[in-house]
Amino acid sequence: MSNVCEDHIFSEVFKAHSKTVFNYIFYKFGNEEKAHDAVQEAFVKLWENCAKVSPEKAKSFVYTVANNLYLNVIKAEKVRLKHADSLVRDRTNESPEFLMEEKEYQKKLDNALHALPENQRTTFLLNRIDGKKYAEIAEMEGVSVKAIEKRMHLALKSLREHIDGI
């Protein structure tokens with residue numbers, strides 16, 4: 001029987017899930033460095049426990065460990081989401097008016113995302129940015145698909161109230 005202690009299996013688990021675990025924690029922390037730390041630590045713990053964790057359970061193990069690391073840190077801190085302004089920097093041929101409007105819209109969107117409760121923001125970003133299906137998000141969060149549908153509904157409702165045209 002294969003197990004996670006085998007290099008190629010551990011490597012497959014890492015390749016398959018590290019990016020999503022990173023995004024999941026980043027959306028919650030709003031801090032890249034802490035998200036990287038949590039992902040690294042979660043995979044170190046997976047390696048340390050590789051004999052106890054089957055390949056089928058590895059994904060859920062890593063999410064749980066990363067989430068618990070997040071919860072431990074969050075007790076001491078307030079969540080703040082940061083967004084890069086890279087969209088504006090990459091443009092050269094847009095009118096100043098367009099760029100200004102886009103910057104204002106981005107600011108409105110950032111503020112609207114900040115205003116969301118953490119679980120709604122995480123659900124929204126995992127679905128809309130990472131393309132995760134509700135069932136996948138429900139598994140990550142350890143809740144029902146119905147709960148995710150409700151979070152998404154509330155997130156969209158709140159975003160619509162803060163910003164016209166979403």
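The values are calculated or read from the model by the stated rules, or taken from the named source; none is laboratory data. Quick caveat: nothing in here was measured; it's all calculated off a predicted structure. Heads up, the Cβs are rebuilt from the backbone with ideal geometry, glycines too, and the neighbour counts pull from every protein chain shown. Ligands, DNA and RNA are stripped out before the accessible areas are found, and what is left, the full protein with its side chains, is counted by its heavy atoms. Shrake-Rupley method; radii C 1.70, N 1.55, O 1.52, S 1.80 Å.
Residue by residue, here is whether (1) open to solvent by 20 Å² or more (accessible area, probe 1.4 Å); (2) modelled with pLDDT of 90 or more; (3) within 21 Å of residue 127 (Cα to Cα) holds:
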{"residue": "1", "(1), (2), (3)": "yes, no, no"}
{"residue": "5", "(1), (2), (3)": "yes, no, no"}
{"residue": "10", "(1), (2), (3)": "yes, yes, no"}
{"residue": "13", "(1), (2), (3)": "no, yes, no"}
{"residue": "17", "(1), (2), (3)": "yes, yes, yes"}
{"residue": "25", "(1), (2), (3)": "no, no, yes"}
{"residue": "33", "(1), (2), (3)": "yes, no, no"}
{"residue": "40", "(1), (2), (3)": "yes, yes, no"}
{"residue": "47", "(1), (2), (3)": "yes, yes, no"}
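Among 13, 21, 39, which is the only one that is in a helix (DSSP H, G or I), touching a residue at least 24 places away in the same chain (Cβ under 8 Å) and over 17 Å from the mean Cα position of the chain (by Cα)?
13
So, of the residues in the range 134-163 that are outside any helix (DSSP H, G or I) and closer than 23 Å to residue 65 by Cβ, which turns out to be modelled with the lowest pLDDT?
142
Out of the residues in the range 121-166 that are of a type in the set (S, T, N, Q) and surrounded by 14 or more Cβ atoms within 10 Å (Cβ to Cβ), which is nearest to residue 16 (Cα to Cα)?
Per the criteria, the residue is 127.
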